[in-house]
Amino acid sequence: MPAPADVQTATLNKFLAAWETNDIEATVALWSDDFTQQLLPLSLGIPENSRAKAEIAYPRLMKNLTNWKVEVKNVVHDTARGTAVVYSTSLADTPVPGEKWTNEYGIFITFSEDGTRIKRLEEMIDSAFFGRFFPLLQQHFAKQAGAHQ
């Protein structure tokens, strides 16, 4: 049985506030111990992340995005199922010369049984942006790693 609506709503609002302000620690603190993250569409071929993997990947990405702005366009919260969907866009500056972060998301959230944590995030991302930008970002990270050796 899903948690009461007010508990889920409080968790959802904490998640949105942390995401909108790029508060990495507050976002990660909302993840359950058995948290998983899946980037969608599945045709991207990106494997699901466990909490341990997401705790590395998420901060690494977000710390490289500055002047972060999120515009939440729609939220649908199904309290009876313990889920929510958030449609949003985001903009940010990136460390990749000449490249801006311009992503569009549909985030499917599954709450923990008690409603105080997020058990699963499935992020439908802009696959055109992802396909163009992420290879450039990976090249940037590789150059950074090489410069520090």
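Bear in mind these aren't lab numbers, they're just calculated from the coordinates by the rules spelled out. The structure presented is a predicted model; accordingly, all values stated were derived computationally and were not measured. All Cβ positions, glycine included, derive from the backbone under ideal geometry; neighbour counts span all protein chains shown.
Within 10 Å, at most 13 other Cβ atoms, and a DSSP state outside H, G, I, E, B define an exposed site. Report the longest part of the chain free of exposed GluC sites (Glu not before Pro). Can you show the working numbers first?
Values: sites that count: E48, E113.
Of all site-free stretches, the longest is 49-112.
At a Cα cut-off below 17 Å, give the lysines reachable from K53, other chains included and same-chain residues fewer than 8 away excluded.
Qualifying lysines at Cα under 17 Å: K63, K119.
Can you show me the helix-derived [θ] at 222 nm for the chain, built from DSSP H runs with n ≥ 4 at -39,500 (n - 2.57) apiece and divided by the number of residues, rounded to the nearest 500.
-12000 deg cm²/dmol
Using a/c under 1.5 as the rounded threshold, could you call the range 48-114 rounded, prolate or oblate? The axes a ≥ b ≥ c are square roots of the C-alpha gyration tensor eigenvalues, and prolate needs a/b larger than b/c, oblate otherwise. Present the calculation step by step, with values, prior to reporting the outcome.
Values: a/c = 3.44, a/b = 1.52, b/c = 2.26.
Oblate, because a/c is 1.5 or more while a/b does not exceed b/c.
Pick out, from L65, F130, G82, the residue whose Cα sits farthest towards the positive end of the charge dipole of the range 42-136, with +1 on the Cβ of Lys and Arg and -1 on the Cβ of Asp and Glu.
Projecting each Cα onto the dipole axis, the largest value belongs to L65.
From the phi of every residue in the range 25-42, what ³J(HN,Hα) in whole Hz does the Karplus formula 6.51 cos²θ - 1.76 cosθ + 1.60 yield, where θ is phi - 60° and glycine or proline is x?
Values, residue by residue: 4, 5, 5, 4, 4, 7, 6, 6, 4, 9, 4, 9, 10, 10, 7, 10, x, 4 Hz.
Let me know the charge dipole size of the chain about its Cα centre in debye, to the nearest 20, where only the beta-carbon of Lys, Arg (+1) and Asp, Glu (-1) is charged.
Approximately 380 debye in magnitude.
From the backbone phi of the range 55-66, what are the Karplus-calculated ³J(HN,Hα) couplings (6.51 cos²θ - 1.76 cosθ + 1.60, θ = phi - 60°) in whole Hz, Gly and Pro given as x?
5, 8, 5, 4, x, 4, 5, 5, 5, 9, 10, 10
Which one is right for this structure if Cα extents along the principal axes in Å is calculated from it: (i) 51, 31, 30; (ii) 47, 43, 24; (iii) 48, 37, 31?
Label (i) holds the value from this structure.
How far apart, in nm, are the 7 Å Cα→Cβ label points at E20 and M1?
3.3
For the chain, what does the relative contact order come out to in percent, with C-alpha contacts under 8 Å and a separation of six or more? Before the final figure, lay out each step's value.
Values: 251 pairs, mean separation 38.5, N = 149.
Here the relative contact order equals 26 percent.
Work out how much length E104 to R81 would gain on full extension: take 0.36 nm times their residue separation and subtract the Cα-Cα distance, in nm to one decimal.
5.8 nm
Based on the Cβ-Cβ distance of T9 and D126, what FRET efficiency does E = 1/(1 + (r/R0)^6) give at R0 = 22 Å, to the nearest 0.05?
Efficiency computed from Cβ-Cβ geometry: 0.20.
Taking the Cβ-Cβ separation of D114 and L44 as r and a Förster radius of 25 Å, what is the calculated FRET efficiency to the nearest 0.05?
0.20
Residue by residue through the range 122-130, what is 3J(HN,Hα) from phi via Karplus (6.51 cos²θ - 1.76 cosθ + 1.60, θ = phi - 60°)? Round to whole Hz and write x for glycine and proline.
After applying 6.51 cos²θ - 1.76 cosθ + 1.60, I find 10, 10, 7, 9, 6, 5, 5, 4, 4 Hz.
If you keep only loop residues by DSSP, which trypsin sites (Lys or Arg not before Pro) in the range 35-107 have at most 16 other Cβ atoms within 10 Å of their Cβ?
Working: sites: R51, K53, R60, K63, K69, K73, R81, K100; in loops: K63, R81.
Sites meeting the loop and neighbour criteria: K63, R81.
Whose amide H sits under 5 Å from the amide H of S112, counting only residues 5 or more places off or on another chain, with H placed in the peptide plane?
R117, I118, K119
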